[in-house]
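Quick notes on the structure that follows.
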Amino acid sequence: MSEPTEPNHNQATNATVLVTGAAGYIGSHTCIELMANGFDVIGVDNFDNSEPVVLDRIAELAGRPIQFAELDIRDTEALRKVVSKHSPSAVIHFAGLKAVGESVSHPQKYWSVNVGGTLSLLDAISTSDVSMFVFSSSCTVYGDPAAVPVTETTPVAPISPYGRTKLAAEQAIIDHLSTRDCGGLLLRYFNPVGAHASGRIGEDPVGVPNNLMPFAMQVAVGRRDALSIFGDDYDTADGTCIRDYIHVVDLAQGHVAALKAETDIDSCEIVNLGTGRGSSVLEVVNAASEAVGKPIAHQIVARRDGDAAVIFADTTKAESLLSWSADRTMVDMCRDHWSWQSLNPDGYRTAD
Ligand code: NAD
Ligand code: WQD
């Protein structure tokens with residue numbers, strides 16, 4: 001297993017990367033991996049779903065401060081100033097909203113941030129020297145696929161406003177980059193879980209978690225009574241849904257691989273980032289219980305609307321195009337997620 005990369009202060013690439021959503025869950029882990037690999041990072045975020053203290057933790061783990069500007073990505077002029085000042089050669093675009101349920105009740109907000117924000121960013125870099133644009137897309141664009149594993153040519157059929165905004169942003173990026181000399185990588189993540197091995201940064205959902213692992217870990221730490229498992233009557237071995245969980249540090253390292261692959265890429269490519277392995281909800285709950293050292297209380301309830309029974313990635317393209325694969329196991333994911341949760345029971349709100 002490749003460890004989170006140790007800071008190497010002698011490693012210089014002279015390349016500056018603009019990271020939007022740098023204070024978020026995946027963005028913060030990626031900043032550390034980028035800085036450890038010699039990239040200079042200029043992060044931007046409006047802290048809509050994150051806390052400023054994350055920047056201190058990034059600096060602590062990376063061994064140097066992160067350059068940062070607080071802004072909303074829909075503020076094109078503010079972004080343009082950042083681009084003009086720092087002259088990034090690459091952009092990694094994480095900033096966005098990601099709660100499927102909220103996207104159903106507030107679609108306008110999702111179109112504004114996820115699509116409007118992406119258009120604003122594309123506008124802000126339009127006359128810059130950015131030569132690689134990496135976008136955080138999602139396996140949610142595949143909806144409920146007819147066959148697994150899903151490849152990048154599996155038909156897209158998003159079933160929520162969130163999924164439709166991710167697909168629309170992908171299409172805007174493809175059209176924009178076709179007019180200029182800039183490569184593009186549209187990375188479709190599967191289910192990111194886990195945390196930095198130090199337990200200093202991790203996922204800190206506001207309110208009731210939507211996702212399985214954060215909910216299970218909040219039960220384990222005593223913040224919630226029991227996990228509800230949404231259905232055990234699916235056509236799978238144990239009746240619960242199967243997903244492709246990927247360790248967030250593997251995912252972060254996938255972004256470093258994406259930038260290092262830059263010279264081989266002269267077009268806009270879609271790439272799945274997953275492990276290629278599926279785990280059922282009960283398998284995850286059992287692995288999490290092992291990591292925690294006690295059973296995680298759970299009950300079976302009705303199915304959740306819109307859940308696919310089984311989805312996991314075909315990882316062939318990521319391996320060939322990026323020379324990258326995820327190697328952390330479910331044991332690693334649960335151990336590291338539990339380190340983060342147990343050291344920070346209330347997330348960043350208990351931060352020093
Ligand atoms: P996150 O919410 O932790 O991080 C997103 C960051 O973007 C937050 O720090 C938030 O404050 C910031 N942000 C939101 N709106 C902004 C705006 N208008 N201007 C500036 N900053 C803004 O989410 P994450 O899990 O790190 O996800 C990052 C990206 O990956 C998102 O685009 C998401 O759609 C995508 N993605 C996430 C998952 C997942 O399960 N976590 C899966 C697939 C794709
Ligand atoms: C996983 C499994 C649930 C919570 C979501 C987004 C997707 C992408 C990844 C951003 C499912 C079950 C969950 C709970 C449960 N994110 N579950 N009890 O739905 O695969 O994907 O995150 O792009 O767009 O939709 O992830 O963690 O919500 O659910 O039983 O309290 O756990 O039914 O089978 P999902 P999830």
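Within region 324-340, if we keep just the residues that are in a helix (DSSP H, G or I) and closer than 15 Å to P192 by Cβ, the residue that is most open to solvent (accessible area, probe 1.4 Å) turns out to be M330. Checked against (1) within 15 Å of ligand 2 (Cβ to nearest atom); (2) buried (at least 23 other Cβ atoms within 10 Å of the Cβ); (3) under 30 Å from V331 (Cβ atoms), V148 passes all but a single condition, namely (2). Within region 269-286, residues that are closer than 30 Å to A172 by Cα reach no partner that is open to solvent by 20 Å² or more (accessible area, probe 1.4 Å) and assigned to a strand (DSSP E or B) with beta carbons closer than 7 Å at six or more positions or on different chains. For region 220-241, name all the residues that are buried (at least 21 other Cβ atoms within 10 Å of the Cβ) and of a type in the set (A, V, I, L, M, F, W, C). Listed by number, the residues that qualify are A220, L227, I229, C241. If only residues of region 87-111 that are polar (S, T, N, Q) and loosely packed, with under 15 Cβ neighbours inside 10 Å are counted, the one that is nearest to ligand 2 (Cβ to nearest atom) is S105. For the condition open to solvent by 30 Å² or more (accessible area, probe 1.4 Å) and in a helix (DSSP H, G or I), S120 does not qualify. Does region 209-219 hold any residues that are open to solvent by 30 Å² or more (accessible area, probe 1.4 Å) and touching a residue at least 60 places away in the same chain (Cβ under 8 Å), and which are they? Those that are open to solvent by 30 Å² or more (accessible area, probe 1.4 Å) and touching a residue at least 60 places away in the same chain (Cβ under 8 Å): N210, L212. In this entry, S160 passes the filter for residues that are within 16 Å of ligand 1 (Cβ to nearest atom) and on the phi < 0 side of the Ramachandran plot. Restricted to region 192-208, and to residues that are within 11 Å of ligand 2 (Cβ to nearest atom) and open to solvent by 10 Å² or more (accessible area, probe 1.4 Å), which residue is farthest from S339 (Cα to Cα)? In this case the residue turns out to be V208.
The values are calculated or read from the model by the stated rules, or taken from the named source; none is laboratory data. Keep in mind the model is a prediction, meaning the values are calculated, not measured. In this analysis, Cβ positions are derived from the backbone assuming ideal geometry, glycine residues included, and neighbour counts consider all displayed protein chains. SASA here: full protein model, heavy atoms, side chains in, ligands and nucleic acids out. Shrake-Rupley method; radii C 1.70, N 1.55, O 1.52, S 1.80 Å.
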